[in-house]
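Only one structure is covered here, and it is reproduced in the block below.
Where a number appears in this text, it was derived from the coordinates with a stated rule and is not lab data. Being a predicted model, the structure only gives us computed values, none of them experimental. A quick note on method: Cβ atoms are made from the backbone with ideal geometry, for glycine too, and the neighbour counts reach across all protein chains shown.
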């Protein structure tokens, strides 16, 4: 049931691990195509992926357009609203970094290395890169 | 499937809207008892609530102890690991505040008023209150 709580507003949209993993792939792994998302190591199923991409587009968090080089392919990109989820993603990562113990490996540094040194600076430079790459 | 991604580590635990809504209730609405969580306006079902409380306890994010005044009642509280989720919750709230338009009402200020003025200060004072109230 909907409520008037601001947290619930966000969670209704992306309070689901697959949604945030797709956003992670767009931000950190430069994925743009359906098949690239499908190959995430968490093993997302094709019907969940299609559902979440459609939800994210409907909510204005990602955009889709035809690839100019391969007309039959669709390119997915973040919108400004999607890029603005960066602080949420980074805070989840930093929390996990503290509590995951030795579980994590080199990806930890790929995603979190800069943020652990200087969060404000890392957010700023990630945001700039994403605006350049995702918004025309 | 588990992966070695730091984001997935966190999302495996709380990448579900009900889990974060329980944590919201502990942080902002001072709920401590099963029946109080059950009465959240989002309408959580009793079986999902029981499942998520058990998951959160198993993950060390909340603790449970007997109420000294009513021996048959259980009090749920946050652990340090749970309190450390504050920045995640606040960032979700701030994002929602930007994009929810006029949807939200007075709860917005209850939860986000301080954070919108000065995020660092709001986090600090919330953290201090939670440590006092939840950790002995």
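Our helix-only sum for the protein assembly as shown, with -39,500 (n - 2.57) per DSSP H run of n ≥ 4 divided by its residues, gives a mean residue ellipticity at 222 nm of -18500 deg cm²/dmol. Across all Cα atoms of the protein assembly as shown, the radius of gyration (one decimal) and Dmax (whole number) stand at 19.0, 70 Å. Look at the stretch A:36-43: the mean tally of other chain Cβ atoms within 10 Å of its residues' Cβ atoms is 3. For peptide A:14-24, the mean count of partner chain Cβ atoms within 10 Å of a residue's Cβ comes to 4. Peptide B:85-91 has a mean of 6 when you count, residue by residue, the C-beta atoms of other protein chains within 10 Å of its C-beta. Can you tell me how chain B classifies by the Cα gyration tensor, rounded, prolate or oblate, using a/c under 1.5 as the rounded cut? Taking the square roots of the gyration eigenvalues as a ≥ b ≥ c, chain B is rounded. Extension gain, residue A:47 to residue A:69, is 5.3 nm, computed as 0.36 nm per intervening residue step minus the present C-alpha separation. Can you tell me how the range B:24-87 classifies by the Cα gyration tensor, rounded, prolate or oblate, using a/c under 1.5 as the rounded cut? Since a/c stays below 1.5, the shape of the range B:24-87 is classed as rounded.
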